[in-house]
Every structure is written in C-alpha cells, then in structure tokens.
Amino acid sequence: MTPARLLRRLVLLEEGEAPGLLWSTLYFFLLFFGFYLVRPVREAIGIARGADKLPWLMTGTLLAMVLANPAFATLVSKLPRRRFIPLAYRFFAVNMLALFLAFRFLPNHGGAILGYGFYIWLSVFNLFVVSVFWGLMSDVWAEGQGKRLFGFIATGGTLGAIAGAALTGVLTKGFVVASFKVKVDPLSLLLVSALTLEAAVFCVKRLMAIFHVGEETQGTREPGPGPLEGLRLIATSRYLQLICLYILLFTITSTLLYLQQGSIVERTFAGTAARTAAFARIDLWVNVLTLVTQVLLTGRLITALGIPVVLSILPVLTLVGFGALWIWPTFAVMALIQVLRRGLHYALDRPAREVLYIPLGPEERYKAKPFIDTFIYRGGDLLGVWAPTALVALAIPVGLASLGCSGLWWASSLALGRRVRLGG
C-alpha cells in the first residue's frame, strides 16, 4: 500500500489536500518537539526553591501576558501575515539564544531571578506559538476541511511532545557511542529548540506558498490596524465571550482535578518512585488514547456529530467524573477520568474548538484569539491554583466547587453550541 493510499484510509482526505495537511502536521510537530525539549528544564527550575512558589510563578505569567498581548497585536497591525508569523517565531528563537548565553555565563546561572524569568517566559512562549499556529490553520483551511483534518494535524503536536520528552531524557541521562558515554547539558537543548523554530518558519513559508497567502488570489484579507482591536472585539462579541468562558472553565476544572489527583496519589502510594510510576502510567494511556483517536476518529466524529455536540462531551465527562470522585475517591477512578479527559481534550475538544475561528475575520484570529489562548487560559490556571485557599476560607468542599464549575462549563458549551448553529 502506497503512503498516499494509507493516508486516505486514515483521513477523510480530498483531492489536493495532502501537501497542505502534511506540512501543517510537520509544523505542529516541530513546535511541540522544540517545547518539550526544554519543558523539563522549566519544571526543574520551577520547583528548585520550593513548590510553594508555583502559584506566584503563575501570577507572574499572567502579568507577562498583559504585556505580551499588546506587543504582539501591534506587530500584527503593522505587518502582513507572511511577515509577522515568521518574525514572531524568530523573536522567540533569539530569546532562546539569549537565555542560553545568560545561563551559561552569568555567575550561579543567573540566580533565582533569571530562573523564574525563564519559567515565565517559556510559559508565555508555549501558548503564543501554538495560538499563532492555530490562527494560521483557521486562516488557510475552510470550515469543512477543519472538521475533517484538524484532528490529524493535531497528531503532529502529540508526536512532537512524545519525541521531545523522550529525546531530552536520553540526552540528559547520557548514552554510549563507541565505548564513550555522551551526556548533554540540559541548557544546551535551548539551542536545539531554537533550531526547531527556524524549521517551523520553513513550514510556514511552504504553507503560505501552497495556500497563496498574501497574494491577490487569497480570499482573506490582512489584519487591520489597531493593537487593541482584539480586546474591542471580545468586549462586543457574544460569540468570543462564550469562547472565553468555555476556556476559562476548562482550565479551572483542569486545575481542580489536578489538585485532587495529587491528593489521591499521595494517599495511595508511598515514596517518590511509586508515585512517579503512577503518573507515568496515566501519561502513557493519555498518549495512547490521544493518538488512536486523532488518527482514526477525530475527523469522522466531528463531521458526524457536529461542533456543538463535540464541545459538550468534555464538560459532561468532567461533571460525571467529579461526581464519581466524590463517591469513590480512589486512584483507579481518578486515573480513568484523567485519561479520558486529557486524551479527549487533545483529540476532540481542541481541534473542534479551533474550528470555531474559521468563519471569523483576521482580527479575531490574530488579535482576539492570542489574548484568549494566553491571558484567559492562564487566568483560569491562576484561579484554579488559588481556589483551595479561598474554598478553605469559605468552608466550601472542593468536590462541591468542582461539580459547580463543571455544571457551568456544560452550560457554557450549550450556549456556545447554539451560537455555532446560528452562525456565530
């Protein structure tokens, strides 16, 4: 069987779509591969001076988003897509080179300030580069194509995350070549990650050539002037406001489930090794479910069920899951909920959510969307992280709050689904 035939069996592919599909998938692979190369460095820095610093780091990340969004919106307002997208990626690549030099040559690796700055910077970087990626995807693919193809494109990110994490583990632990042990300094992975961003820029240029972005034959116009246009659109668009609410409640429930997971694992397993193995098993099955669903089912399910139905799957699953955890707070129940929730988020919820932007204009895709994907997303993280403190003060059980947030999330998905049926 030829590769083209195999691809057609896996994906609901139509004539002429294969080149764009493969370049889009490779593009997403490179972004996640580069990020997961250096993500362990961020995690190590984040807890180096105590895990109690994480809420403050998330607060700092949210403040950084406040500064980054207007800067990016200004860039979008002044340059066409074929220029501002590569420039954004190259800006982050230069940042990586600068951080590598700072860690390498400053005394004591720059101390806590540089370490925490790197943690915040990488948190901003990850959300921005992915948001720009999906902005371009919703720009070049039509709505029907997005429903069929976005799931397969998302496999690039899944495979990139697996490959990046695996390579980091091998390089930092060391390997033997011709009787010599080779071991790579984790900070050197910043240089490799910078190279993957340049490779991603090459993919962007290929996609723009395939879809004639920036040419007169391209139907969509460039984003207009006005760096605050994205905020104005969110303030006046019920459709965008519902997307904001949907993402905010997704991140809050994710954090609440994460906190319950930590408590259950701590209670169930003794010792770091056993707990690490438990987390690894969850991650393994999340990746298996994500890949199988993305490759074989996502396009078919979104096309058959429709965006409104798909958007309600995760909120309903989360509501049922929190209810089950309240009755049976065991590791088996928690692991099943985490695997289903995280796997279906990556495989179904995220691709469906990105289709929501296809009917919109370039201001929504490149100005409002980055704000939603970064500031609103991290805002949900922040609310979730500080929630236990507030719940203890108000004497509200975490389980009850989790059910309430899940119910609100389901309601927001239904409202968003109605807007999708009405055409936004």
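The values are calculated or read from the model by the stated rules, or taken from the named source; none is laboratory data. These figures come from a predicted structure and were not determined experimentally. Cβ sites come from the backbone with ideal geometry, for glycine too, and all protein chains shown count toward neighbours. For the accessible areas, the whole protein counts, side chains as well, though only heavy atoms, and no ligand, DNA or RNA atoms are used. Shrake-Rupley method; radii C 1.70, N 1.55, O 1.52, S 1.80 Å.
Once Rg and the Kirkwood radius are both taken over the C-alpha atoms of the stretch 58-155, their ratio Rg/Rh works out to 1.07.
When only the Cβ of Lys, Arg, Asp and Glu is charged (+1, +1, -1, -1), the dipole of the chain relative to its Cα centre reaches about 300 debye.
Over the residues of the chain, the helix contribution to mean residue ellipticity at 222 nm works out to -26500 deg cm²/dmol, using -39500 (n - 2.57) for each DSSP H run of at least 4.
Return one whole number: the accessible area per residue of the stretch 286-344 in Å², for a 1.4 Å probe.
Details: 2420 Å² over 59 residues.
For the stretch 286-344, the per-residue accessible area is 41 Å².
Length gained on full extension, residue 305 to residue 91, computed as 0.36 nm times the residue gap minus the Cα-Cα distance: 73.0 nm.
Using a 1.4 Å probe over the heavy atoms of the protein chains, calculate the carbon and sulfur portion of the accessible area of the stretch 235-372 as a whole percent. Kindly include the intermediate steps, with their values, before the conclusion.
Values: 3830 of 5410 Å².
That share works out to 71 percent.
Debye-formula intensities of the chain, expressed as log10 I(q)/I(0) at q = 0.06, 0.07 Å⁻¹, are -0.25, -0.34 (one equal scatterer per alpha-carbon, no solvent). Calculated FRET efficiency, residue 195 to residue 71, Cβ-Cβ distance, R0 = 22 Å: about 0.35 to the nearest 0.05.
The mean sequence distance of close C-alpha pairs (under 8 Å, at least 6 residues apart), as a share of the length of the chain, puts its relative contact order at 29 percent. Over the stretch 316-424, the alpha carbon radius of gyration divided by the compact-protein estimate 2.2 N^0.38 Å works out to 1.25. For the stretch 204-307, trypsin sites (Lys or Arg not before Pro) are listed when DSSP marks them as loop and at most 11 other Cβ atoms sit within 10 Å of their Cβ; the list is 221. Here each label is just a point 7 Å from Cα along the line to Cβ, and for residue 56 and residue 258 those points are 1.9 nm apart. Label reach from residue 333 (point 7 Å along Cα→C-beta): in the stretch 395-422, amide nitrogens under 18 Å belong to 397-407.
Applying a length cut-off of 30 Å (Cα extent along the axis) and a mean Kyte-Doolittle floor of 0.0 to the DSSP H helices of the chain leaves 18-47, 54-78, 81-105, 111-140, 143-173, 189-210, 238-268, 272-296, 307-327, 398-421.
Work out, step by step, the length gained on full extension between residue 279 and residue 395: first 0.36 nm times the residue separation, then minus their alpha carbon distance; give nm to one decimal. Extending this stretch completely gives an extra 38.8 nm.
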